[in-house]
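A.B. asks: Submitted below is the structure of interest, expressed as structure tokens.
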């Protein structure tokens, strides 16, 4: 398949309500959309690392420059028939995984559309519905926090994730577990602890959590292995697994029992599929991580989550609730008629199942380029 052209759009979409980060509060979402063209067919990908280099070393404006000046020119005009060939062309450029991931996702969408197959079918997905979980961060009062969690379970979410922060830690988990003794709950520490907090981490075994997500620093897989050997609660790695090499080391060390996979963070669907297969071979389960993004990135993620080793409900970022304008129709959760649980039902149309609205993209584009 010859890549004839790659169109790049750095867009700034308005939010319905402000998005808070440790750096500042944002009223817009900046993201980069990629359109890859071949034989009159277009495939779409997205890089959404955030407006600023907070969650990673990348950010939308920087991604646009990397794609425009270096990465897209390295692919345009090339014949690419396998996802692995993309990395062969881009491996000389270090890092920039979100930028590379957008190109990779666009290639997969283009391939699926040219074959007339849904993306999830093309990558070997077997699960037609994706169960969902929602995340809660610190609120002004425990009462408000507990009520919001109860509302989420009442709406049909299969599990909740609780952000674990100083002053919002063991006592918070204790209060939630007392009010919801039988529901599926896990916490996300975001790498804020170390082995000197072992006593606290051991105490968390008392709360029958589904997992503790990223308890220690992302680069310390040995310490995670020591922790997992000590506590009963499964450890989940998130930021620690961004490459195939990191995944291999984590699995060799037995540093975790779950891996949170975000296609953008690991460099695209091709790498995510490799990590999924490695985890499955080592009996380590996966779940889909989420981030602020448009429906283009969300649909690629849901396609990945249809793989059989995604056994835990996916993180859910409700684009329709946050974005005042999306670039295509978002997938909305529906309740399963039997279980009453919310889930995303996958599509049966080619590629990511939707054609982005170029007029909306052009309207909100801060800059654009064609390679």
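A.B. asks: Tell me which helices (runs of 4 or more DSSP H) are completely within region 44-104 and hold 2 or more residues being under 24 Å from residue 1 (Cα atoms), in contact (Cβ under 8 Å) with a residue 12 or more places away in the chain and touching a helix residue (DSSP H, G or I) at 6+ places or on another chain (Cβ under 8 Å), or say none if there are none. Don't jump to the end; show me each part of the working.
C.D. replies: On the way: elements: 60-66, 72-75, 83-90.
So the answer is 72-75, 83-90.
A.B. asks: Got a number for residues in region 145-172 being at positive phi and either assigned to a helix (DSSP H, G or I) or modelled with pLDDT of 95 or more (or both)?
C.D. replies: Kept after step one, since they are at positive phi, are these residues of region 145-172: 156, 167.
This time we only want the ones that are either assigned to a helix (DSSP H, G or I) or modelled with pLDDT of 95 or more (or both), so: 156.
Summing the residues that are at positive phi and either assigned to a helix (DSSP H, G or I) or modelled with pLDDT of 95 or more (or both) in region 145-172 gives 1.
A.B. asks: Counting only residues that are crowded, with 20+ Cβ neighbours inside 10 Å and either in a helix (DSSP H, G or I) or in contact with a strand residue (DSSP E or B) (Cβ under 6 Å, 6 or more places away or on another chain) (or both), how many does region 178-208 have?
C.D. replies: Matching residues across region 178-208 total 6.
A.B. asks: If I filter region 327-342 for residues that are closer than 27 Å to residue 88 by Cα and either touching a helix residue (DSSP H, G or I) at 6+ places or on another chain (Cβ under 9 Å) or in the same structural domain as residue 17 (by TED's automatic domain parsing) (or both), do I get at least one hit?
C.D. replies: At the first step, the residues of region 327-342 found to be closer than 27 Å to residue 88 by Cα are none.
The answer is no; no qualifying residue exists.
A.B. asks: From the list 101, 62, pick out the single residue that is closer than 20 Å to residue 299 by Cβ and assigned by TED's automatic domain parsing to the domain that holds residue 20. I'd like the intermediate steps shown before the answer.
C.D. replies: Numbers: 62 fails: closer than 20 Å to residue 299 by Cβ.
That would be 101, the only listed residue that is closer than 20 Å to residue 299 by Cβ and assigned by TED's automatic domain parsing to the domain that holds residue 20.
A.B. asks: Name the residue that is modelled with the highest pLDDT, counting only residues in region 122-144 that are touching a helix residue (DSSP H, G or I) at 6+ places or on another chain (Cβ under 8 Å) and part of a helix (DSSP H, G or I).
C.D. replies: 122
A.B. asks: Limited to region 22-48, what total is found for residues that are more than 11 Å from residue 102 (Cα to Cα) and within 17 Å of the chain's Cα centre (by Cα)?
C.D. replies: So the first thing to find is which residues in region 22-48 are more than 11 Å from residue 102 (Cα to Cα), and the list is 22-30, 37-42.
Restricting the remaining residues to those that are within 17 Å of the chain's Cα centre (by Cα) gives 29-30.
Residues in region 22-48 being more than 11 Å from residue 102 (Cα to Cα) and within 17 Å of the chain's Cα centre (by Cα): 2 in total.
A.B. asks: Restricted to region 305-319, and to residues that are loosely packed, with under 15 Cβ neighbours inside 10 Å and free of Cβ contacts under 8 Å to residues at least 60 places away in the same chain, which residue is nearest to residue 257 (Cα to Cα)? Please lay out each step first, then the result.
C.D. replies: The first filter runs over region 305-319 and keeps only residues loosely packed, with under 15 Cβ neighbours inside 10 Å, leaving 308, 311, 318.
After this cut, where a residue has to be free of Cβ contacts under 8 Å to residues at least 60 places away in the same chain as well, the list is 311, 318.
Details: 311: 12, 318: 27 Å.
Ranking the qualifying residues of region 305-319, first place goes to 311.
A.B. asks: From the residues in region 281-290 that are more than 13 Å from residue 237 (Cβ to Cβ) and touching a strand residue (DSSP E or B) at 6+ places or on another chain (Cβ under 8 Å), which one is surrounded by the fewest Cβ atoms within 10 Å (Cβ to Cβ)?
C.D. replies: Here is the first cut: in region 281-290, the ones more than 13 Å from residue 237 (Cβ to Cβ) are 281, 283, 288, 290.
Next, from what is left, pick out any that are touching a strand residue (DSSP E or B) at 6+ places or on another chain (Cβ under 8 Å): 288, 290.
On the way: 288: 27, 290: 21.
Per the criteria, the residue is 290.
A.B. asks: What strands (runs of 3 or more DSSP E), lying completely within region 280-371, carry at least 1 residues that are within 24 Å of residue 153 (Cβ to Cβ) and under 18 Å from the mean Cα position of the chain (by Cα)? Working first, answer last.
C.D. replies: Values: elements: 285-288, 342-345, 365-370.
Filter on region 280-371 gives 285-288, 342-345.
A.B. asks: Going through region 240-277 one residue at a time, which ones are surrounded by 19 or more Cβ atoms within 10 Å (Cβ to Cβ), in contact with a helix residue (DSSP H, G or I) (Cβ under 8 Å, 6 or more places away or on another chain) and over 23 Å from residue 112 (Cβ atoms)?
C.D. replies: Selection gives 240, 241, 242, 246, 247, 250, 251, 255, 256, 259.
A.B. asks: For region 228-239, which positions are part of a helix (DSSP H, G or I) and buried (at least 16 other Cβ atoms within 10 Å of the Cβ)?
C.D. replies: Step one: list which residues in region 228-239 are part of a helix (DSSP H, G or I), which gives 228-230.
Listed by number, the list holds a single entry, 228.
A.B. asks: Taking residue 223, is it assigned to a helix (DSSP H, G or I), over 21 Å from the mean Cα position of the chain (by Cα) and either under 21 Å from residue 316 (Cβ atoms) or modelled with pLDDT of 95 or more (or both)?
C.D. replies: Working: assigned to a helix (DSSP H, G or I): yes; over 21 Å from the mean Cα position of the chain (by Cα): yes; either under 21 Å from residue 316 (Cβ atoms) or modelled with pLDDT of 95 or more (or both): yes.
So residue 223 passes the test.
A.B. asks: Of these, 47, 79, 52, which one is surrounded by fewer than 18 Cβ atoms within 10 Å (Cβ to Cβ) and within 21 Å of residue 366 (Cβ to Cβ)?
C.D. replies: Details: 47 fails: surrounded by fewer than 18 Cβ atoms within 10 Å (Cβ to Cβ); 79 fails: within 21 Å of residue 366 (Cβ to Cβ).
Answer to the check: 52.
The values are calculated or read from the model by the stated rules, or taken from the named source; none is laboratory data. Here the structure is a predicted model, which is why all the values come from computation and not from measurement. A quick note on method: Cβ atoms are made from the backbone with ideal geometry, for glycine too, and the neighbour counts reach across all protein chains shown.
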